[in-house]
Amino acid sequence: MMAIDVLAARLRARIGAERVLTDRQQLRTYECDGLAHYKVIPALVVLAGSEEDVATAVRECAAAKVPFVARGSGTGLSGGALPHADGVLIVTSQLREIIDLRPEDERAVVQPGVINLQVTKAATPHGYYYAPDPSSQQICSIGGNVAENSGGAHCLKYGFTTNHVTGLRVVAPDGEVVRLGGMAPDTPGYDLLGAFVGSEGTLGIATEVTVKLTRLPETVRTLLAAFDSTDHAGAATSAIIAAGVVPAAIEMMDALSIEAAESAVHCNYPAGAGAVLIVELDGPVTEVEAQFGAVTRLCEEAGAFELRVAADDQERQLIWRGRKSAFAAVGRISPDYIVQDGVIPRTALPVVLRRINEVAGEHGVRVANVFHAGDGNLHPLVLFDDAVPGEAERAEAVSGAILDLCIEHGGSITGEHGVGVDKARYMPRMFSDADLETMHLVRCAFDPDNLANPGKVFPTPRLCGERPGSRKHAAFDGVEVF
Amino acid sequence: MSALDDLAVKAGDDDVVGGVPARLVAAPASTEEAAALIAASADLNVVIRGGGTKIEWGTPPRDLDLIIDTRRLTGVVEHAAGDLITVVRAGTPMAELHALPGQQLALDAPATATAGGTVAANASGPRRLRYGTARDLLIGITVVRPDGTITKAGGKVVKNVAGYDLGKLYTGSFGTLGLITECVFRLHPVPATAFFVRAAAPPGSAARILAGQFAASALEVHAVPGADPEIAVLLEGAADRSAEVAHLLDGEVSDEPPPWWGVTPPGTVLVKLTGVLSQVPALVATAVGAGATVTGSAGAGVLYAGFTGDPHGRVELLRAAAVRAGGHAVVLTAPDDVRDTLDMWGPVPGLALMRRVKDQFDPAHRFAPGRFAGGI
């Protein structure tokens, strides 16, 4: 009997046959996450129904030295939940209970499969919400958000998942259930919670998440400003920040992404715009009103030819609909596309956007830009047609060149989508061997056998336990280690 | 000549940590020099010292050969105002960061504390309510590992998920994982106006401020045994909210903070107490009942209790109260003669994993040995 068959039998006995999938057709459902051009069929899927199921599955994997990958809703965009062909995919999307909602303590305790937006929906009647809001917030899970340290449009003011998680229960790669952090802030000891959030499933699986709830703002004002060019929209962004205003969000879309959004959701953005900015302010009424006046004036001074202010929540939703649907909408103007996720210092926006256009032109591909201007998180959509020979390669080259531009300007290869399998090879461009080795020290502390989501984040797997200077090249179970 | 021979001098009378005297002191002036020093001192036990404002925090080192002093590792390397970030060497006094034109590193720390020390001790003050703590404001870091390797994590952009967020791991690690030599911080604009509302009010009234729409930047309580407790609120931005808060609390508006604002309470023993927000009043009551002066953030659930006298029973009492409140009680400092008999850190979840992290970074356990939780 194959090792995986033995494992399947043991898992069926321990957590129930209905929760263990081995049928190839069923397994195919899980062959990719939101980044569909990487596909791997897992050897086995466990549909966890409890923390104990997760722990049992991980313990059995550890005993059999079989790799495992965690998966929430599968909306990730870096292949972080891409299965391992010889491994177990542990699905947490059925763990959907909001365990404890404590507005008086500004906390909620939720299971990892709870959908991001559900936390806000549960907290809103009490006057609170959950601030991190990835564009996929209607379907993405909190567990996945924790794995990827997800961001969203409102990170500029409110921070990322890591700023809003105070406690976790985690199944460590040896199957042990460990509590990291808690309800109160500043748990003594190393901030393993901080290291775990954003570790992309390589340090274990979160089975319970304690999040901060944020007071709903007294008011929200949303403005759409249309400009001739991204340069002018970028200048407006810089002016707003320089004026000491910290909006809840500043989002930018260029002409091509506006065109895509129009054709998909008819958001009716101003005609002829080379770029639009969406600026949102929230907080106490008097403060927001004062700042809103300043933002409006600064946009006009930077050359905005049309300004629209959302009069009510419906108009606000309409303004956001174009932005939130932009990724999907690009499918209407191009059969295939690569979403990049690089980050640059905000002040480098004009020069980098120009260079992106130049690089795209040199390679004969189009790039649509839709991004979080306030924090410099670009989302260039590199458009191509896979049916045209050579175009995919050219798009890939442009995509890589964009990341190099980000690194060159002091930025990052990923702002919110994660490294996953997609960008692991770019990590050495941003980090030295010593930097990667240091991250790997943490990996070795948690997962000495390299079983938790192997092949993600790090470009090359390494053997734990060897000290610097004593490394040697060796073949180990078919992968190169050093 | 090794970097150790070049840099180290014989320790003086003041070169003592938690009652343990050092043999040598060395003050490297660059990351590279620090790396050479650390590599050359592979058989020495090391404690790192910045401004020394928190050098008495934590358990005393088991052994101490060398103090690495960061007083020459100073200077603002970069202040990119348009990007709201700054890059500073670890030994830079916070006074320099307080003086950045138009912008601020929103960490409350004494002027003589260093940036690196503030990160290493994970110190925080009143404004953590609005701006978060060092772990939230640190976006990049350079560290020399105990084996002398120079390593970086994070970067110069606020939004960044490339690789592990090691800045968080180093924050609050008390110098047990290496020497922080450079930090990249997120900055905030200096607000146009700032008002303090001060009132004689029980800690429980903090909940009314939190539940309102005041967007307070800080919400502090202060309680002294035998006196009425006080509450103070910092409001930045528009002025009208301070009048509303003053009305609500029957307090007074001032542009100056009360004298106890952000000040560590007096005493020979200092305990950091954490708990969920609804339990802050109970925590304050327990601490005051035990004879402690309490100052801290009712908005964040982080309090500091100071007292003088035998700490044993009182630490147990405070720890039990903190656990009931969902938090922890950590003794930051205590007289040298009782430290050995005191459980300063208390129970810490995930300790086995922490030991494994320490083993990976510092296999010989020579960086701040015994200073940290669980004897790490």
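For the subset of the stretch B:349-376 comprising residues that are part of a loop (DSSP other than H, G, I, E, B) and open to solvent by 20 Å² or more (accessible area, probe 1.4 Å), which member is nearest to the other protein chains (Cβ to nearest Cβ)?
B:349
Residue B:190 is checked against (1) on the phi > 0 side of the Ramachandran plot; (2) at pLDDT below 95; (3) hydrophobic (A, V, I, L, M, F, W, C) and fails just one. What number does that condition carry?
Just one mismatch for residue B:190, condition (1).
Pairs needed: first member in the stretch A:317-339, in contact (Cβ under 8 Å) with a residue 12 or more places away in the chain and more than 13 Å from residue A:380 (Cα to Cα); second member anywhere, of a type in the set (A, V, I, L, M) and surrounded by fewer than 16 Cβ atoms within 10 Å (Cβ to Cβ); C-beta distance under 9 Å; at least 6 residues apart or different chains.
A:335/A:387; A:336/A:387
Could you pull out the residue among A:294, A:360, A:328 that is modelled with pLDDT of 95 or more, surrounded by fewer than 20 Cβ atoms within 10 Å (Cβ to Cβ) and not in a loop (DSSP other than H, G, I, E, B)?
A:294
For the stretch A:229-285, how many residues are assigned to a loop (DSSP other than H, G, I, E, B) and open to solvent by 20 Å² or more (accessible area, probe 1.4 Å)?
Of the residues in the stretch A:229-285, 8 are assigned to a loop (DSSP other than H, G, I, E, B) and open to solvent by 20 Å² or more (accessible area, probe 1.4 Å).
Tell me the residue from A:288, A:309, A:276 that is among the hydrophobic types (A, V, I, L, M, F, W, C) and within 14 Å of chain B (Cβ to nearest Cβ), please.
Step by step, each of A:288, A:309, A:276 is checked, and only A:288 is among the hydrophobic types (A, V, I, L, M, F, W, C) and within 14 Å of chain B (Cβ to nearest Cβ).
When only residues in the stretch A:41-64 that are out of contact with any Asp or Glu (no Cβ under 6 Å at 6 or more places or on another chain) and in a loop (DSSP other than H, G, I, E, B) count, which is nearest to residue A:208 (Cα to Cα)?
So, considering only residues that are out of contact with any Asp or Glu (no Cβ under 6 Å at 6 or more places or on another chain) and in a loop (DSSP other than H, G, I, E, B), the one nearest to residue A:208 (Cα to Cα) is A:50.
Over 18 Å from the mean Cα position of the chain (by Cα), closer than 21 Å to residue B:210 by Cβ and not assigned by TED's automatic domain parsing to the domain that holds residue B:16: which single residue out of B:284, B:323 fits that description?
B:284
I'm told residue B:158 meets every condition in (1) modelled with pLDDT of 95 or more; (2) in the same structural domain as residue B:119 (by TED's automatic domain parsing) except one. Can you identify the failing condition by its number?
(1)
Does residue A:355 satisfy the condition of being out of contact with any Ser or Thr (no Cβ under 9 Å at 6 or more places or on another chain), within 14 Å of chain B (Cβ to nearest Cβ) and charged (D, E, K, R)?
no
Here is a list: A:191, A:174. Which entry is open to solvent by 10 Å² or more (accessible area, probe 1.4 Å) and either in contact (Cβ under 8 Å) with a residue 40 or more places away in the chain or closer than 25 Å to residue A:48 by Cβ (or both)? It would help to see each step written out before you state the result.
On the way: A:191 fails: either in contact (Cβ under 8 Å) with a residue 40 or more places away in the chain or closer than 25 Å to residue A:48 by Cβ (or both).
Being open to solvent by 10 Å² or more (accessible area, probe 1.4 Å) and either in contact (Cβ under 8 Å) with a residue 40 or more places away in the chain or closer than 25 Å to residue A:48 by Cβ (or both) holds for just one of A:191, A:174, which is A:174.
Considering the stretch A:113-129 alone, what residues qualify as being farther than 23 Å from residue A:371 by Cβ and either under 16 Å from the mean Cα position of the chain (by Cα) or part of a loop (DSSP other than H, G, I, E, B) (or both)?
Passing the criteria: A:113, A:114, A:115, A:127.
In the stretch A:369-386, is there at least one residue being part of a loop (DSSP other than H, G, I, E, B) and more than 14 Å from every other protein chain (Cβ to nearest Cβ)?
Checking the stretch A:369-386: at least one residue is part of a loop (DSSP other than H, G, I, E, B) and more than 14 Å from every other protein chain (Cβ to nearest Cβ).
Look through the stretch B:337-348, keep the residues that are open to solvent by less than 50 Å² (accessible area, probe 1.4 Å) and assigned to a helix (DSSP H, G or I), and return whichever of them is nearest to the other protein chains (Cβ to nearest Cβ).
Among those residues, the one meeting the criterion is B:339.
Please work out which residue is farthest from residue B:123 (Cα to Cα), limiting yourself to the stretch B:317-334 and to residues that are more than 14 Å from every other protein chain (Cβ to nearest Cβ) and surrounded by 15 or more Cβ atoms within 10 Å (Cβ to Cβ).
Among residues in the stretch B:317-334 that are more than 14 Å from every other protein chain (Cβ to nearest Cβ) and surrounded by 15 or more Cβ atoms within 10 Å (Cβ to Cβ), the one farthest from residue B:123 (Cα to Cα) is B:317.
Kindly evaluate residue B:59 against the criterion of being among the polar types (S, T, N, Q) and under 30 Å from residue B:158 (Cα atoms). Spell out how you get there, then give the answer.
Values: among the polar types (S, T, N, Q): yes; under 30 Å from residue B:158 (Cα atoms): no.
The answer is no for residue B:59.
Does residue B:280 satisfy the criteria of being surrounded by fewer than 18 Cβ atoms within 10 Å (Cβ to Cβ), within 23 Å of residue B:132 (Cβ to Cβ) and within 12 Å of another protein chain (Cβ to nearest Cβ)?
No, not satisfied.
Which condition does residue B:308 not pass, out of (1) polar (S, T, N, Q); (2) without any contact (Cβ under 8 Å) to a residue 60 or more places away in the chain; (3) under 24 Å from residue B:111 (Cα atoms), if it passes all the others?
Against the list (1) polar (S, T, N, Q); (2) without any contact (Cβ under 8 Å) to a residue 60 or more places away in the chain; (3) under 24 Å from residue B:111 (Cα atoms), residue B:308 comes up short only on (3).
For the stretch B:164-276, give me every one of the helices (runs of 4 or more DSSP H) that falls completely inside it and has 3 or more residues that are open to solvent by less than 30 Å² (accessible area, probe 1.4 Å) and more than 30 Å from residue B:33 (Cα to Cα).
Ranges flagged: B:240-249.
Using beta carbons and a limit of 6 Å, which pairs, at least six apart or on different chains, have the first residue in the stretch B:170-192 and in the same structural domain as residue B:73 (by TED's automatic domain parsing) and the second one among the basic types (Lys, Arg)?
Correct list of pairs: B:171/B:135; B:174/B:371; B:178/B:145; B:182/B:89; B:184/B:156.
Just one of (1) facing chain B (nearest Cβ under 10 Å); (2) farther than 16 Å from residue A:442 by Cβ trips up residue A:236, so point out which.
Every condition holds for residue A:236 apart from (1).
Please specify each residue of the stretch B:117-135 satisfying the condition of being in contact (Cβ under 8 Å) with a residue 40 or more places away in the chain and open to solvent by 10 Å² or more (accessible area, probe 1.4 Å).
Selection gives B:117, B:120, B:121, B:122, B:124, B:125, B:127, B:128, B:129, B:130, B:131.
On the basis of being over 19 Å from residue A:184 (Cα atoms), out of contact with any Gly (no Cβ under 7 Å at 6 or more places or on another chain) and either modelled with pLDDT under 95 or among the hydrophobic types (A, V, I, L, M, F, W, C) (or both), does residue A:108 make the cut?
Spelling it out, it is not the case that residue A:108 is over 19 Å from residue A:184 (Cα atoms), out of contact with any Gly (no Cβ under 7 Å at 6 or more places or on another chain) and either modelled with pLDDT under 95 or among the hydrophobic types (A, V, I, L, M, F, W, C) (or both).
Output the residues belonging to the stretch B:56-82 that are touching a helix residue (DSSP H, G or I) at 6+ places or on another chain (Cβ under 8 Å), under 18 Å from residue B:173 (Cβ atoms) and among the aliphatic types (A, V, I, L, M).
B:68, B:73
Within the stretch A:396-446, which residues are among the acidic types (Asp, Glu), within 10 Å of chain B (Cβ to nearest Cβ) and under 21 Å from residue A:69 (Cβ atoms)?
A:416
Would you be able to say whether some residue in the stretch A:330-339 is under 23 Å from residue A:242 (Cβ atoms) and aromatic (Phe, Trp, Tyr)? Let's see the steps before the verdict.
At the first step, the residues of the stretch A:330-339 found to be under 23 Å from residue A:242 (Cβ atoms) are none.
No, that holds for no residue.
Look at residue B:360 and say whether it is without any contact (Cβ under 8 Å) to a residue 60 or more places away in the chain, at negative phi and out of contact with any helix residue (DSSP H, G or I) (no Cβ under 6 Å at 6 or more places or on another chain).
no
How many of the residues in the stretch B:32-47 are of a type outside the set (A, V, I, L, M, F, W, C) and crowded, with 19+ Cβ neighbours inside 10 Å?
3
The values are calculated or read from the model by the stated rules, or taken from the named source; none is laboratory data. Bear in mind the structure is a predicted one, so any value in this text is a computation, not a measurement. Cβ sites come from the backbone with ideal geometry, for glycine too, and all protein chains shown count toward neighbours. Heavy atoms of the whole protein, side chains included, go into the accessibility calculation; ligands, DNA and RNA do not. Shrake-Rupley method; radii C 1.70, N 1.55, O 1.52, S 1.80 Å.
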